[in-house]
Amino acid sequence: EISAEIESDQNIVNDIKPYKEQLQSKINEVLCYNPRDLSRGEAELESSLGNFYADVCLRSADSIFFKKTGQHIDFSLFNYGGIRTAIPEGSVTVEQVFKLMPFENKLVVAHLSGKKINELFAYLLERKQAHPIAGLQLELKGEDFSKIKIQGRTFDSDKSYWVLTHDYLQHGGDNMSFFTEPLDLFTSDYKVRDALIDNMSKLDTLRASLDNRFYIIN
């Protein structure tokens, strides 16, 4: 029976000690300073944390995507539930990013038809949650969108768009079935968590804010 009465094997403790110390050193590494508490529930349809997350991933992935394809990503979409915790005020460590994004999800870019993009917008309209997005501006009036802009241009349902997400959602996670039948798919080995860590390590202070990328008008 496994219980608290079982004594530690000192030989095993000694064997894992250097690996434990090395791991603790890495996860306690300070990446940057966060001047205020950030959480996914800051506002109804967007959050500063979600905006930062989506922006970082879009910038990081677009650089890789452009070098490989000569094209740019149009916008990014991730899921509200994928942000697992808040980032408190103070020093941001690697461990906190692991808690924020504990999954092994990798960034992918799906080429979606105008029909699938319409399904994507219908999903956002139905859920009305602060899903992290970047490259989009959505204006909601009543029960429908009164404005949809992608990279500053009005959405055209006759066009196709390159959309950044991660592999879990591209396989239909969180009921995002519109991602599952892309016209084309660009995959990467770059994890969402690594994109966040790499970006934060270059910052002195984490700057994140609301900017009305998804908002309601009366």
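The values are calculated or read from the model by the stated rules, or taken from the named source; none is laboratory data. Predicted model only: the values in this text are computed from it and were never measured. In this analysis, Cβ positions are derived from the backbone assuming ideal geometry, glycine residues included, and neighbour counts consider all displayed protein chains. In case anyone asks, the SASA skips ligands and DNA or RNA and just uses the protein heavy atoms, side chains included. Shrake-Rupley method; radii C 1.70, N 1.55, O 1.52, S 1.80 Å.
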Restricting the first residue to segment 163-182 and requiring it to be open to solvent by 10 Å² or more (accessible area, probe 1.4 Å), which pairs with a second residue that is in a helix (DSSP H, G or I) meet a Cβ separation below 6 Å and a spacing of at least six or different chains? GLN170/PHE179
Anything in segment 74-100 that is in a strand (DSSP E or B), open to solvent by less than 10 Å² (accessible area, probe 1.4 Å) and farther than 17 Å from ASP198 by Cβ? List them, or say none. PHE75, LEU77
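Let's see how each residue does on (1) among the basic types (Lys, Arg); (2) under 19 Å from ASP204 (Cα atoms); (3) in contact with a Phe, Trp or Tyr (Cβ under 9 Å, 6 or more places away or on another chain):
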residue: SER3; (1), (2), (3): no, no, no
residue: ILE6; (1), (2), (3): no, no, no
residue: TYR19; (1), (2), (3): no, no, no
residue: PRO35; (1), (2), (3): no, yes, no
residue: ILE64; (1), (2), (3): no, no, yes
residue: LYS67; (1), (2), (3): yes, no, no
residue: GLN71; (1), (2), (3): no, no, yes
Any residue that is open to solvent by 60 Å² or more (accessible area, probe 1.4 Å) and either among the basic types (Lys, Arg) or within 17 Å of TYR161 (Cα to Cα) (or both) - is there at least one of those in segment 52-62? yes
I need a count of the residues in segment 124-150 that are open to solvent by less than 60 Å² (accessible area, probe 1.4 Å), at positive phi and touching a residue at least 24 places away in the same chain (Cβ under 8 Å). 1
Restricting attention to segment 1-25, which residues are under 25 Å from GLU95 (Cα atoms) and at pLDDT 85 or above? ILE12
For the condition hydrophobic (A, V, I, L, M, F, W, C) and either surrounded by 13 or more Cβ atoms within 10 Å (Cβ to Cβ) or in contact (Cβ under 8 Å) with a residue 24 or more places away in the chain (or both), what is the one hit in ILE27, ILE6? ILE27
Exactly one of SER63, SER113 is among the polar types (S, T, N, Q) and in contact (Cβ under 8 Å) with a residue 40 or more places away in the chain, and that residue is SER113
Read through the list (1) closer than 23 Å to LYS202 by Cβ; (2) modelled with pLDDT under 95, then give the number of the only condition that LEU31 fails. (2)
Segment 101-218: strands (runs of 3 or more DSSP E) wholly inside it with 3 or more residues that are farther than 27 Å from ASP37 by Cα are 106-112, 144-150, 161-166, 184-191
